[in-house]
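Novice: My questions all concern the structure below.
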Amino acid sequence: MDLSTRYLGLTLSHPFMPGASPLADDLDTVRLLEDSGASAIVMRSLFEEQITHEQVAAFTHSEMHSESSAEAMSYFPRPESFVFGPEEYLEHLSRVKQAVRVPVIASLNGTTPGGWLDYPPLIEKVGADALELNLYHLALDPATSGAEVEARAVEVVREVKKAVRIPVAVKLSPFYSSFAHLAHRLDEAGADGLIIFNRFYQPDIDVEELQVKRSLFVSSSQELPLRLLWLAALSGQVRASLAVTGGVHTALDAIKAVMAGAHAVQLVSALLMRGPGYLRAIREDLMRWMEEHEWASLQAMRGNMGLLRCPEPEAYARANYMVTLQGWAGAKGGQG
Ligand SMILES: Cc1cc2nc3c(=O)[nH]c(=O)nc-3n(C[C@H](O)[C@H](O)[C@H](O)COP(=O)(O)O)c2cc1C
């Protein structure tokens, strides 16, 4: 049974890896993840603001100390509340790299071209095999158009690609007005991988205290279909390899993601709930299923659900929507 896959130009023995999270914060857990068969280790993100904050602190009188920047900085968590500061991040990356033989993928989270772009070359120098770029951004400024938001994302990717030789994957949200267009532009800008999709943690409201309530929920398999749709829409259409993140909890979830086009399958919630050993269990379940269904390789299974590769994908998507709505058979009957 051949589970091997190519992701970001790396040959991996199988597609399962822990996604960016605290799972790689501790070296014993990192070794446990490798022993459980992780095909790569992805580290948590270092944030643009952490790096910029250090740079501002180093140049107290710099122009960056404008009113708006000072105000923005005041919302920002105190440096000591981060698990790793920028220097510590590089040191930890180096230790993780020494602890395992599988590829190590570092992660940066930023949205604007700026001083934090000094870090990709440092991350490369310390030995990361690849870099994830998490472009988490909420477009709340009514003066900024969708085209500007997208142009900035493309520019960041271009800048990072110019700065390093290691592969760069872009972790994206689905909240763009024309996601397929953006994905193709990122592909043209040289992104080696697209990671679909970032999860958003929208704040809730505490109605008694009149305060914003932050919460971090684990995902469920219900979050997967949005990813499947866009994997299928991009599979075979972009040069970049594709990874799924968000809602993969079982081997069947992973099979669907691969059939939709994923080269890599990232798990976080499932591993946080079940422990690193679940990586082995889900791989064994995948192999059992493939054997029962007579699939000889993952490669053969990949991308054969090109849901949207018909001549009129938009008409197909609308038709699907209509049929789904008409299929509701009432509260008792469930979906027809
Ligand atoms: C506790 C926690 C910490 C996370 N930290 C990061 C991070 O630093 N960088 C990042 O890109 N994603 C981060 N994520 C998002 C995960 O990498 C992943 O994309 C998301 O949890 C969806 O995958 P899942 O359904 O398997 O949990 C974090 C998720 C959790 C639950």
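The values are calculated or read from the model by the stated rules, or taken from the named source; none is laboratory data. What you are looking at is a predicted structure, and each value in this text was computed from that prediction instead of being measured. Methodologically, a virtual Cβ is constructed for each residue, glycine included, from the backbone with ideal geometry; neighbour enumeration extends over all protein chains shown.
Novice: Name the residues in the stretch 193-210 that are of a type outside the set (Phe, Trp, Tyr) and either in a loop (DSSP other than H, G, I, E, B) or over 19 Å from Ala232 (Cα atoms) (or both), would you? Spell out how you get there, then give the answer.
Specialist: The initial filter retains those residues of the stretch 193-210 that are of a type outside the set (Phe, Trp, Tyr), namely 193-196, 198-199, 202-210.
Scanning the stretch 193-210 gives Asn198, Arg199, Gln202, Pro203, Asp204, Ile205, Asp206, Val207, Glu208, Glu209, Leu210.
Novice: Could you check, for the stretch 136-156, whether at least one of its residues is within 14 Å of the chain's Cα centre (by Cα) and within 16 Å of the ligand (Cβ to nearest atom)?
Specialist: There is at least one residue in the stretch 136-156 that is within 14 Å of the chain's Cα centre (by Cα) and within 16 Å of the ligand (Cβ to nearest atom).
Novice: So which of Arg239, Arg280, Arg274 is within 16 Å of the ligand (Cβ to nearest atom), at pLDDT 95 or above and of a type outside the set (A, V, I, L, M, F, W, C)?
Specialist: Selected residue: Arg274, the only one of Arg239, Arg280, Arg274 that is within 16 Å of the ligand (Cβ to nearest atom), at pLDDT 95 or above and of a type outside the set (A, V, I, L, M, F, W, C).
Novice: Being of a type outside the set (A, V, I, L, M), surrounded by fewer than 22 Cβ atoms within 10 Å (Cβ to Cβ) and either in a helix (DSSP H, G or I) or modelled with pLDDT of 95 or more (or both) is the filter here, so list the residues in the stretch 71-91 that pass it.
Specialist: Glu71, Ser74, Tyr75, Pro79, Glu80, Ser81, Pro86, Glu87, Glu88, Glu91
Novice: Go through the stretch 116-135 and count every residue that is assigned to a helix (DSSP H, G or I) and either within 16 Å of the ligand (Cβ to nearest atom) or buried (at least 17 other Cβ atoms within 10 Å of the Cβ) (or both).
Specialist: 8
Novice: Continuing with the same structure: Which condition number does Gly190 fail, the rest of (1) more than 14 Å from the chain's Cα centre (by Cα); (2) part of a loop (DSSP other than H, G, I, E, B); (3) more than 24 Å from Arg6 (Cβ to Cβ) being met?
Specialist: Status for Gly190: all satisfied but (3).
Novice: Of Ser215, Ser219, Ser177, which residue is away from the ligand (no atom under 15 Å from the Cβ), out of contact with any Cys (no Cβ under 8 Å at 6 or more places or on another chain), in a loop (DSSP other than H, G, I, E, B) and among the polar types (S, T, N, Q)?
Specialist: None of the other options fit; the residue is Ser177.
Novice: Something else about it: Could you list all residues from the stretch 87-115 that are within 16 Å of the ligand (Cβ to nearest atom) and aliphatic (A, V, I, L, M)?
Specialist: Leu90, Leu93, Val96, Val104, Ile105, Ala106, Leu108 - these are the residues of the stretch 87-115 that are within 16 Å of the ligand (Cβ to nearest atom) and aliphatic (A, V, I, L, M).
Novice: Show me the strands (runs of 3 or more DSSP E) found entirely inside the stretch 1-41 where at least 3 residues are within 13 Å of the ligand (Cβ to nearest atom) and in contact (Cβ under 8 Å) with a residue 12 or more places away in the chain.
Specialist: Fully inside the stretch 1-41 and qualifying: 16-18.
Novice: While we're here: Sort out which residues of the stretch 105-151 are in contact with a Lys or Arg (Cβ under 6 Å, 6 or more places away or on another chain), touching a residue at least 40 places away in the same chain (Cβ under 8 Å) and not charged (D, E, K, R), and write them in order of number.
Specialist: Scanning the stretch 105-151 gives a single hit, Asn134.
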